[in-house]
1. List the number of the failed condition for residue A:131; all other conditions in (1) within 16 Å of DNA strand D (Cβ to nearest atom); (2) crowded, with 18+ Cβ neighbours inside 10 Å hold.
2. Name the single residue that is nearest to residue B:85 (Cα to Cα) among those in region B:162-179 being more than 14 Å from chain A (Cβ to nearest Cβ) and among the aliphatic types (A, V, I, L, M).
3. Need a quick list: strands (runs of 3 or more DSSP E) entirely within region B:174-265 having at least 3 residues that are on the phi < 0 side of the Ramachandran plot and not β-branched (Val, Ile, Thr).
4. Taking region A:30-42 as the region of interest, how many residues are part of a helix (DSSP H, G or I) and more than 6 Å from DNA strand D (Cβ to nearest atom)?
5. Residue B:24 passes all but one of (1) within 13 Å of DNA strand D (Cβ to nearest atom); (2) in a helix (DSSP H, G or I); which number fails?
6. Please go through region B:272-306 and pick out each residue that is of a type outside the set (A, V, I, L, M, F, W, C), farther than 17 Å from residue B:201 by Cα and without any contact (Cβ under 8 Å) to a residue 60 or more places away in the chain.
7. Residue A:172 fails exactly one of the following numbered conditions: (1) surrounded by 17 or more Cβ atoms within 10 Å (Cβ to Cβ); (2) at pLDDT 90 or above. What is the number of that condition?
8. Taking residue B:60 as meeting all but one of (1) within 22 Å of residue A:74 (Cβ to Cβ); (2) away from DNA strand C (no atom under 12 Å from the Cβ), write down the number of the exception.
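The values are calculated or read from the model by the stated rules, or taken from the named source; none is laboratory data. If you're wondering where the values come from, they're calculated on a predicted model, not measured in any experiment. Reconstructed Cβ throughout: ideal geometry from the backbone, glycine too, with neighbour counts over all protein chains shown.
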Number of protein chains: 2
Amino acid sequence: MAARKIAKKRSAVGPVGNEGPKGSVRMQEIAERSGVTAMTVSRALRTPNKVSPETLDRIRKAIDELGFVPNFVAGSLSSRQSRMVAVSVPSLANSVFSDFIEEMSTTLMDKGYTTIVGCSSYDHKYEEEILSEFLGWRPAGVILTGTSHTERTKEMCRRSGVPIIETWCKTNKPLDIVIGFSNQRAAYEMTRSLIDWGYRKIGFGYVASENNDRSMERRRGWKKALTEAGYECQDSRTRGGSFAIREGAMILDKLLKEHPDTDAIVFGSDTLAVGALMEAQRRGLRVPEDIAITGFGDVEMASETVPALTTVRTPRRELGRVCAEVLLRKIAGTYDGPRVIDRGFEIVRRQSA
Amino acid sequence: MAARKIAKKRSAVGPVGNEGPKGSVRMQEIAERSGVTAMTVSRALRTPNKVSPETLDRIRKAIDELGFVPNFVAGSLSSRQSRMVAVSVPSLANSVFSDFIEEMSTTLMDKGYTTIVGCSSYDHKYEEEILSEFLGWRPAGVILTGTSHTERTKEMCRRSGVPIIETWCKTNKPLDIVIGFSNQRAAYEMTRSLIDWGYRKIGFGYVASENNDRSMERRRGWKKALTEAGYECQDSRTRGGSFAIREGAMILDKLLKEHPDTDAIVFGSDTLAVGALMEAQRRGLRVPEDIAITGFGDVEMASETVPALTTVRTPRRELGRVCAEVLLRKIAGTYDGPRVIDRGFEIVRRQSA
DNA sequence: CTGAAAGCGCTTACAG
DNA sequence: CTGAAAGCGCTTACAG
């Protein structure tokens, strides 16, 4: 405010170089120092081939000397497009999502885009708040986990007019574009595989949350496989939003107590499965001889446990990259691919089943 | 552009309500609909007590009906302060940092701040690029992992004039403020504890990277404890930036090959320790009878392995919260605490040593 | 309690 | 290849 006004006066009067601690350098300063106008500095940054080589040199030198960092806030307001992408995931503590985010944000940064990330804690209402906050930054695109959202979330997405990608799921009626895989199909095939391998009393372990459509889809897949084969369905769950390892142990305990003849458990996540694996070891249960255990995700840990975990590999890094790439093309207006993109999954058989 | 101009004309001519898909609602529209000027709408949002209750009601109603989302980009440019905080961590895949980030970003969002996160992949040069990118958004504050950075990174921090917090370390000469704990002291005490518990040939396992000052500090602490006690120092490492579980197994292998009489290994991270634990199990080695293993971090998994992991608990969530709180006070200009904040650590003895 | 004017630092859309 | 003018959607600093 006052400081800025003084700075302006200074640059109009004498040579630059004494920018105060708070007075960050503007294009104007660069322009003066290189004997052009701000317009040409702007061009040098955005379309350098439209500026003469000598001018370019001078400008670049000035930028370097003054440590000029272009103000994206001003640029975004002016051009009505911000190179920013907003993402909401249920949790970062779950490595499945942190890997996804890491890959996505790296891909986006390579193209000059900044990623803002919010954690909804598996809560649709909180996802709505995050989105509303993020939309204030007028992002160029939005990526949401799952396909179930509050009405207001959907309404805000529509009104915003920006490209939306939903991910980690598959649906036939995405808000805009969906990139993921069928959770139901994946759990179905995992369960089918167990049946093929000779298991008969197959339980399901998960954390119940009406907000987690992925989890519920997986449960549906497990149920479908058993029903088709004419087997009983017995599941066990803990309540709450977190996917603590501990919960896996509790589920194993509960399931074996209620249905002692259970010979396999399909878990809705690797974290739960690893928890169950550890609990089995503590009890002296042999896996898979006494009880088979399968996970979902194929996190790094899955191949290292003893016994190594049989699981469903989901393409989490690939999902991050593809979401970024498709979104970028949507933003550029050059996307002409399908609205539903299925990246599949893979059953990985190791030792635990 | 053209669309915007048409939209303006529209709103000047007739009643509002037909905003196009791209034409997001502005304060101007809210003002017209509630019979005031944009200035009053701005007040209603920022200092509602300075607006008459009736006016406030009308404005809020209009905001709701039109689905107005204030444009932070314009607000930031105008007020010369953005409610945005930039953070750089080495990796999100490491749960130690994702927990930290989750806590920090939640704390910041509660106060109306948005967090932008970048992953440096344990690379100082890449940290510099991320920072330079982030500074373009004119964040209100910056949080950096570690205390070792490139010269240009430090220079940019100074020039930016925004509050900087370094974390996960302790140093006497922070760029601005440092909030963390002494990695050297923590590893020293872990090693001392092992000595007290009767171990004599204590190795150190870590991933070598000159960019990771935390790791090197921990190694120094281990060495110091052994040297003071007059014992030999034998370490083993793998090269590279990642903290894969696999590396822990490789380190165990190498260390036992080169120094078969090793009776304990201090690991620089829980991930490595868990990898070693699994490898020991695969080889039929008893932990801690044949070999003791300790970790660093106390991640969720640490208490669930069999045997449960003895480790150093670092206050990662607390660090996230405190970084956010201190930064917020620095931004507000009300911080008068120390420049060096030590949040300590804790040796957690379980079964693996 | 409310408003008119000016400005934040860029980019767009011309013009030359 | 370069520049002058206008404007992006808000907030600041008055004034009433």
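1. Failed condition: (1).
2. First, the residues of region B:162-179 that are more than 14 Å from chain A (Cβ to nearest Cβ): B:165-174, B:177-179.
Narrowing the set further to residues that are among the aliphatic types (A, V, I, L, M) leaves B:165, B:177-179.
Numbers: B:165: 11, B:177: 15, B:178: 16, B:179: 16 Å.
If we take residues in region B:162-179 being more than 14 Å from chain A (Cβ to nearest Cβ) and among the aliphatic types (A, V, I, L, M), then B:165 is nearest to residue B:85 (Cα to Cα).
3. Answer list for region B:174-265: B:202-208, B:234-239.
4. Within region A:30-42, the first condition is being part of a helix (DSSP H, G or I), and the residues that meet it are A:30-34, A:38-42.
Now restrict to residues that are more than 6 Å from DNA strand D (Cβ to nearest atom): A:30-34, A:38, A:41-42.
Of the residues in region A:30-42, 8 are part of a helix (DSSP H, G or I) and more than 6 Å from DNA strand D (Cβ to nearest atom).
5. (2)
6. Step one: of region B:272-306, the residues of a type outside the set (A, V, I, L, M, F, W, C) are B:275, B:279, B:281-284, B:286, B:288-290, B:294-295, B:297-298, B:300, B:303-305.
Right, trim to farther than 17 Å from residue B:201 by Cα and you get B:275, B:279, B:281-284, B:297-298, B:300, B:303-305.
Hits for region B:272-306 are B:275, B:279, B:281, B:282, B:283, B:284, B:298, B:303, B:304, B:305.
7. (1)
8. Just one mismatch for residue B:60, condition (1).
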